[in-house]
Structures are given as structure tokens and as C-alpha cells.
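The values are calculated or read from the model by the stated rules, or taken from the named source; none is laboratory data. All values reported here derive from a predicted model rather than from experimental measurement. Glycine gets a Cβ as well: all are built from the backbone with ideal geometry, and neighbour counts include every protein chain shown. With ligands, DNA and RNA removed, areas are computed over all heavy atoms of the protein, side chains included. Shrake-Rupley method; radii C 1.70, N 1.55, O 1.52, S 1.80 Å.
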Amino acid sequence: SQELEQSPQSLIVQEGKNLTINCTSSKTLYGLYWYKQKYGEGLIFLMMLQKGGEEKSHEKITAKLDEKKQQSSLHITASQPSHAGTYLCGADKDTGNQFYFGTGTSLTVIP
Amino acid sequence: DVKVTQSSRYLVKRTGEKVFLECVQDMDHENMFWYRQDPGLGLRLIYFSYDVKMKEKGDIPEGYSVSREKKERFSLILESASTNQTSMYLCASSLRLASGYNEQFFGPGTRLTVL
């Protein structure tokens, strides 16, 4: 089975600091998705990456997929309390239409 | 905007009760999914459906069943609830695409406690 390892498991940063979350797969990823979840709520889609070397940005969040398509990183610049939550990476199973999910990274931003 | 709604945000049931969790999506998506989310274990797929009346087992189907009589509605059924089914349940939907590259849209979740 394909597994997604996320690191770190949790992160506490001061407001204004930059941070990076990693998502690593043992197999080539067909599609890699980043989601954000606030405590007790559903998942909100952030970005999707498909091609090796691809990079996407939205506001202060940048996601990258490496050339081998086995590792993705999510980088937040100048973090704010609104960035707090759990970030999950998900990937298409090679059979399509189903996902694997990482175990998540809990982010706390201290004002 | 895609909307996925779940019938309850919080639910408390007793051991042995039959429990129904309902999920409705309004974007004509073919695929619908039920996950449970537990600390340290992440999201685990219980069942998914790729069409009306069609279902496939996910990673942890034991103790659950599902029903999809209409395209927009996907129900998760706990035939006899047990305490180890206390969890956050998340429903999702997506288009069915040949390439498999497709975003899943999630509902707000139902936090179920079984006493």
C-alpha cells in the first residue's frame, strides 16, 4: 500500500515566522493534494500538484512537488494566526478516484 | 461552490444502537466517500461509491455499511454501534475522471460519541 509520511507532526511558531511542512511517499505520486483542516471541521482544499518540479502559490502559501514526484513541501511565509490548523497531504491511488492521506501536521501560530 | 453537507455535527449514541450518518452533495459528483479520522491515524477510508447503488470497501469497512439510492446522497450505517466507533466521520465527493486527478470536496464532519 502507498503511504504518505508527513513531517513534522506538530509545529509551534511565532507569528511572522516562515515554516515548511513535508510530505513524502515511497512511490511515485500521480497527483498530490494539500488540504487544511480547522479543529473539529472538514477539510478545505488548498492546492493540487501533478507534474514533477511543479510549484503553486496562493497568498502566502507555496507548494512544490519534486522532480521525482515522491516528495512535496508546503511553505508558509510570514505566518499568521489564521494559518493555524492541521495540514494534510493526500495523493491519488494508482487505481484512481481514491486517495491516500498523510497523518497531518498540526500548526499553532502564537501571536 | 460545491457543497457537501452532513446531517449532524455532533451525535451521541449508546452501544448497540443503529446509527445513520447522512451526506448530501449538490454538484452532481459521481464519487462519494466516507472516512473516519482519529488522532495519530489520520483519515481512513471506510467505503466509497462511484455510482448509484454501487459501493466498494475501503480500508476499514468492518462494522459499517453504506447506501446510495440517489446520486446526491450517501449514507453510512453503523448496524450496532460500539465504543470503538467513537470518531470524527467525514464525507467527501468528487467527479469520476479517467485520469484520476480529481479534488475531493469535504463536508464539515460529524463527531460521533458512542457511550
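Residues that are over 26 Å from B:F48 (Cα atoms) and either modelled with pLDDT under 95 or within 14 Å of chain B (Cβ to nearest Cβ) (or both) within segment A:83-111 comprise A:G85, A:S106, A:P111, listed in sequence order. Residues in segment A:3-30 that are outside any loop (DSSP other than H, G, I, E, B), within 22 Å of A:E54 (Cα to Cα) and small (G, A, S): 2 in all.
Has segment B:26-45 got at least one residue that is in contact (Cβ under 8 Å) with a residue 12 or more places away in the chain and touching a Gly at 6+ places or on another chain (Cβ under 6 Å)? Yes, segment B:26-45 contains at least one residue that is in contact (Cβ under 8 Å) with a residue 12 or more places away in the chain and touching a Gly at 6+ places or on another chain (Cβ under 6 Å). So for segment A:33-55 (the condition being free of Cβ contacts under 8 Å to residues at least 24 places away in the same chain, among the charged types (D, E, K, R) and not in a loop (DSSP other than H, G, I, E, B)), does at least one residue qualify? The answer is yes; a qualifying residue exists. Of the strands (runs of 3 or more DSSP E) contained entirely in segment A:61-104, those carrying at least 1 residues that are free of Cβ contacts under 8 Å to residues at least 24 places away in the same chain fall at A:61-65. Based on this model, can you work out whether B:S7 counts as within 12 Å of the chain's Cα centre (by Cα), open to solvent by 30 Å² or more (accessible area, probe 1.4 Å) and modelled with pLDDT under 95? Here the answer is yes, as B:S7 does meet what is asked. Candidates are the residues of segment B:88-115 that are in contact with an Asp or Glu (Cβ under 7 Å, 6 or more places away or on another chain) and under 16 Å from A:L88 (Cβ atoms); the one that is farthest from the other protein chains (Cβ to nearest Cβ) is B:S94. Checking every residue in segment A:67-76 against the condition of being within 22 Å of B:L90 (Cβ to Cβ) and more than 12 Å from chain B (Cβ to nearest Cβ) gives at least one match.
Go through the residues of segment B:14-23 one by one and say whether even a single one is in contact with a Gly (Cβ under 8 Å, 6 or more places away or on another chain) and open to solvent by less than 70 Å² (accessible area, probe 1.4 Å). Within segment B:14-23, one or more residues are in contact with a Gly (Cβ under 8 Å, 6 or more places away or on another chain) and open to solvent by less than 70 Å² (accessible area, probe 1.4 Å).
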